[in-house]
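Here's the structure we're looking at; comments come further down.
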Amino acid sequence: MTQRAPILVFDLDGTLADTARDLIATLNVLLVREGLPTVAPSAARSLVGAGARALIERGFALNGAPLAPERVEPLVQDFLQHYEAHIADESELFPGARAALERFSAAGFRLAVCTNKPEPLARLLLDKLDAADHFAAICGRGTFPMHKPDPRTLMLTIEAAGGDPRRALMVGDSKTDIDTAKNAGAPVVAVDFGYTETPVADLAPDRVISHFDELWGAATAVLGASAFERT
C-alpha cells in the first residue's frame, strides 16, 4: 500500500504572507468614515490575527470608541467588501516563503493552508500572490463547520490535501495556530515575525524560526529524516 505524502500545513496571515498593511488600510477606511483617527501599520501585532470582527472591535476600542454589538456586523460586511477589492495592494509573501514552498514540493511534501480567513478571500489572496498552485488544499473559515483552534480543522485540512497525518507539521505565528496543532497532537513550528503580541517562544512550539530559510532544518528536526523519504 502506498504511503501518503508528508505534509506541511501553513497559516496564512502573518505566517506565509505579510498582509498587515492591507488589513490596517481597510480598517482605517472605516475609522475615517466614523471621524476617528487612523492607526499605523505598526499596530498590526496588537490588532491583526483574530479575524475581521476582532480587528474592527480592537481598532475602534483603541480610539476610545468601543462598538455596540449591533454595529459590529454591518462594519464587518463593509470591511470585507473593501478588503476584497484591495486584498493584495501591498501584501506579499514573507522573504524566503516561495523558495521554501518549492523546496518542500520538490521533496515530495504536500502543502496546504489552514487559516481563519474566509476561504474565498484566502484563495483570492494566494491567487493574487501567484502562490495558490503550490497547495493541495486551501481551507479557511467556512470550509468546515468549525475553525482553529478546533483540531478537527487541521485534521480535515490534512485529509483534504491527501497528506499523512502521522507526518504532518503545522507552521503558524500565533497562539491559535500552536493550540490547534497541540490539540490535534501534531508538531508545530512558529515564525517569530507574525502578528502576535506574545512572543511565540513563550507559547512552547516545537521550534521557532526567524526566516523561511530555517524551515527545512526545523522540519527535519521535528519530523525526522524518515519524513523526507520518498514513498
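The values are calculated or read from the model by the stated rules, or taken from the named source; none is laboratory data. Treat the numbers as computed from the prediction; the structure is a model and nothing was measured. Here the Cβ positions follow ideal geometry from the backbone for every residue, glycine too, while neighbour counts run over all protein chains shown. Surface areas here come from the heavy atoms of the whole protein model, side chains and all, with no ligands, DNA or RNA. Shrake-Rupley method; radii C 1.70, N 1.55, O 1.52, S 1.80 Å.
Considering only the stretch 22-57, state which residues are farther than 17 Å from Cys114 by Cα, in contact with a Ser or Thr (Cβ under 7 Å, 6 or more places away or on another chain) and either without any contact (Cβ under 8 Å) to a residue 60 or more places away in the chain or open to solvent by 20 Å² or more (accessible area, probe 1.4 Å) (or both).
Asn28, Leu31, Val32, Arg45
What are the residue pairs meeting all of these: first residue in the stretch 58-83, first residue within 23 Å of Glu197 (Cβ to Cβ), second residue aromatic (Phe, Trp, Tyr) and surrounded by 15 or more Cβ atoms within 10 Å (Cβ to Cβ), Cβ atoms under 6 Å, and 6 or more apart or on different chains?
Cβ pairs passing all conditions: Leu67/Phe60.
Output the residues belonging to the stretch 13-39 that are more than 23 Å from Arg71 (Cα to Cα), out of contact with any strand residue (DSSP E or B) (no Cβ under 6 Å at 6 or more places or on another chain) and among the small types (Gly, Ala, Ser).
Passing the criteria: Gly14, Ala20.
Report whether or not Arg71 is modelled with pLDDT under 95, basic (Lys, Arg), in a helix (DSSP H, G or I) and open to solvent by 40 Å² or more (accessible area, probe 1.4 Å).
The answer is yes for Arg71.
Scan the stretch 91-117 residue by residue and report those that are within 19 Å of Gly14 (Cβ to Cβ), open to solvent by 40 Å² or more (accessible area, probe 1.4 Å) and not in a helix (DSSP H, G or I).
Within the stretch 91-117, Glu92, Pro95 qualify.
Can you go through Asp164, Asp179 and tell me which one is over 12 Å from Phe10 (Cβ atoms), among the charged types (D, E, K, R) and open to solvent by less than 20 Å² (accessible area, probe 1.4 Å)?
So the residue among Asp164, Asp179 that is over 12 Å from Phe10 (Cβ atoms), among the charged types (D, E, K, R) and open to solvent by less than 20 Å² (accessible area, probe 1.4 Å) is Asp164.
Go through the stretch 202-224 and give me each residue that's open to solvent by 70 Å² or more (accessible area, probe 1.4 Å), out of contact with any Gly (no Cβ under 6 Å at 6 or more places or on another chain) and assigned to a helix (DSSP H, G or I).
Asp202, Glu214
For the stretch 128-139, give me each residue that is under 24 Å from Arg53 (Cβ atoms) and either open to solvent by 40 Å² or more (accessible area, probe 1.4 Å) or in contact with a Cys (Cβ under 8 Å, 6 or more places away or on another chain) (or both).
Lys128, Cys139
Just checking, which of Pro145, Pro199 is without any contact (Cβ under 8 Å) to a residue 12 or more places away in the chain, closer than 30 Å to Asp89 by Cα and open to solvent by 60 Å² or more (accessible area, probe 1.4 Å)?
One residue alone meets the criteria, Pro199.
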